[in-house]
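K.L.:
Have a look at this one.
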Amino acid sequence: MLSKRIIACLDVRDGQVVKGVQFQQLRHAGDPAELARRYNTEGIDEVVVLDITATIEGRRTLARTVHAVAQEIFLPLAVGGGIRTEDDAATVVDAGADKVSLNTAALRDPALITTLAGRYGSQAVIVAIDAKRHGDRFAVYVRSGQTGTGRDAVEWAREAESRGAGEILLTSMDRDGTKAGFDCELTAAVSAAVDIPVIASGGAGTFDHFTDVFTSGRADAALAASIFHYAEHSVADLKRHLRNEGVPVRINW
């Protein structure tokens, strides 16, 4: 069985890391380069930098921030937010990103997924899906969760894979920042629908939440922010817990 990945997310606004609840009530969480340096030392498997207001503000992702983070880590770095064109993707790759994450732009122009997969390889293209429960289905939202699309998350994940995406970054808007646990039903539904890795996001609060999303949620990776940013739990302790629960993880010590 492949090792499960633990990923730290740096939501960046105005050059600083922030964290909120259900995409609202943002509070300052630190400097992105300093947090990245700490995670690199603690044994995180990957880092994702999301410029959470780039799309809303109609600008590119902050290349300076990406470069500063890339200088501090020796592990995969994914970058999203404001990547609307092939040139935008090239800018963040040139700044040090190993992967690009598309959200709003992928829905607006699905051919962009195929274009970037052809240029960089599918392993470098992540499609991010922000989903919210609507009855017995999961609806896709864009523009930092502000706008509904009318698309179903499971169906969109299938299409993203068919167009060349190498991973799905799946965020439960209902669970984001709540520390109530990942939405395992949502994660399992998408994981069952695609053959590419699914990264679960939204709701991490305890070590058992990670165990749950890797087992019942069938996630290939789990992404978290506040549980790590505020030093509530260490990455090493989390990995020890997962290994004790029979979940395969990379040990970096």
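The values are calculated or read from the model by the stated rules, or taken from the named source; none is laboratory data. This one's a predicted model, so the numbers in the text were calculated from it and none came from an experiment. Note that we place each Cβ from the backbone using ideal geometry, even for glycine, and neighbour counts take in every protein chain shown.
K.L.:
Out of everything in region 225-253 that is buried (at least 18 other Cβ atoms within 10 Å of the Cβ) and either among the charged types (D, E, K, R) or out of contact with any Phe, Trp or Tyr (no Cβ under 8 Å at 6 or more places or on another chain) (or both), what residue ends up being modelled with the lowest pLDDT?
P.N.:
Among those that are buried (at least 18 other Cβ atoms within 10 Å of the Cβ) and either among the charged types (D, E, K, R) or out of contact with any Phe, Trp or Tyr (no Cβ under 8 Å at 6 or more places or on another chain) (or both), it is His229.
Each row is one residue, and each column tells you yes or no for (1) buried (at least 22 other Cβ atoms within 10 Å of the Cβ); (2) more than 16 Å from the chain's Cα centre (by Cα); (3) within 30 Å of Asp237 (Cβ to Cβ); (4) not hydroxyl-bearing (Ser, Thr, Tyr).
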{"residue": "Arg143", "(1), (2), (3), (4)": "no, no, no, yes"}
{"residue": "Trp156", "(1), (2), (3), (4)": "yes, yes, no, yes"}
{"residue": "Ser162", "(1), (2), (3), (4)": "no, yes, no, no"}
{"residue": "Ala204", "(1), (2), (3), (4)": "yes, no, yes, yes"}
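K.L.:
Name the residue that is surrounded by the fewest Cβ atoms within 10 Å (Cβ to Cβ), counting only residues in region 70-82 that are hydrophobic (A, V, I, L, M, F, W, C) and over 19 Å from Arg250 (Cβ atoms).
P.N.:
Ala70
K.L.:
Do the conditions hold for Ala97, that is, is it surrounded by 19 or more Cβ atoms within 10 Å (Cβ to Cβ), part of a loop (DSSP other than H, G, I, E, B) and modelled with pLDDT of 95 or more?
P.N.:
Yes; evaluated as a whole, the condition is true for this residue.
K.L.:
While we're on this one: Return the residues of region 169-195 that are within 19 Å of Ser3 (Cα to Cα) and either free of Cβ contacts under 8 Å to residues at least 40 places away in the same chain or among the acidic types (Asp, Glu) (or both); say none if nothing qualifies.
P.N.:
Answer for region 169-195, where residues must be within 19 Å of Ser3 (Cα to Cα) and either free of Cβ contacts under 8 Å to residues at least 40 places away in the same chain or among the acidic types (Asp, Glu) (or both): Cys184, Thr187, Ala188, Ser191, Ala192, Val194, Asp195.
K.L.:
Thr65 - would you say it is among the hydroxyl-bearing types (Ser, Thr, Tyr), within 17 Å of Ile168 (Cβ to Cβ) and modelled with pLDDT under 95? Full working, then the answer.
P.N.:
On the way: among the hydroxyl-bearing types (Ser, Thr, Tyr): yes; within 17 Å of Ile168 (Cβ to Cβ): no; modelled with pLDDT under 95: yes.
No.
Results for (1) closer than 25 Å to Ala188 by Cβ; (2) in contact (Cβ under 8 Å) with a residue 24 or more places away in the chain; (3) buried (at least 24 other Cβ atoms within 10 Å of the Cβ), shown as yes or no for each residue.
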{"site": "Ala68", "(1), (2), (3)": "no, yes, no"}
{"site": "Val93", "(1), (2), (3)": "no, yes, no"}
{"site": "Ser101", "(1), (2), (3)": "yes, yes, yes"}
{"site": "Ala139", "(1), (2), (3)": "yes, no, no"}
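K.L.:
OK, next. With respect to Arg59, determine if the residue is of a type outside the set (Ser, Thr, Tyr), assigned to a loop (DSSP other than H, G, I, E, B), modelled with pLDDT under 95 and more than 18 Å from Asp14 (Cα to Cα). Please lay out each step first, then the result.
P.N.:
Values: of a type outside the set (Ser, Thr, Tyr): yes; assigned to a loop (DSSP other than H, G, I, E, B): yes; modelled with pLDDT under 95: yes; more than 18 Å from Asp14 (Cα to Cα): no.
Here the answer is no, as Arg59 does not meet what is asked.
K.L.:
Has region 109-128 got any residue that is surrounded by fewer than 24 Cβ atoms within 10 Å (Cβ to Cβ) and in a strand (DSSP E or B)?
P.N.:
no
K.L.:
Can I ask one more? Could you grab me the full set of residues in region 76-107 that are closer than 16 Å to Arg119 by Cα and among the polar types (S, T, N, Q)?
P.N.:
Thr85, Thr91, Ser101
K.L.:
Same structure, new question: Looking at (1) at pLDDT 95 or above; (2) surrounded by fewer than 21 Cβ atoms within 10 Å (Cβ to Cβ); (3) of a type in the set (D, E, K, R), find the lone condition where Asp183 falls short.
P.N.:
Tallying (1) at pLDDT 95 or above; (2) surrounded by fewer than 21 Cβ atoms within 10 Å (Cβ to Cβ); (3) of a type in the set (D, E, K, R), Asp183 fails exactly one: (2).
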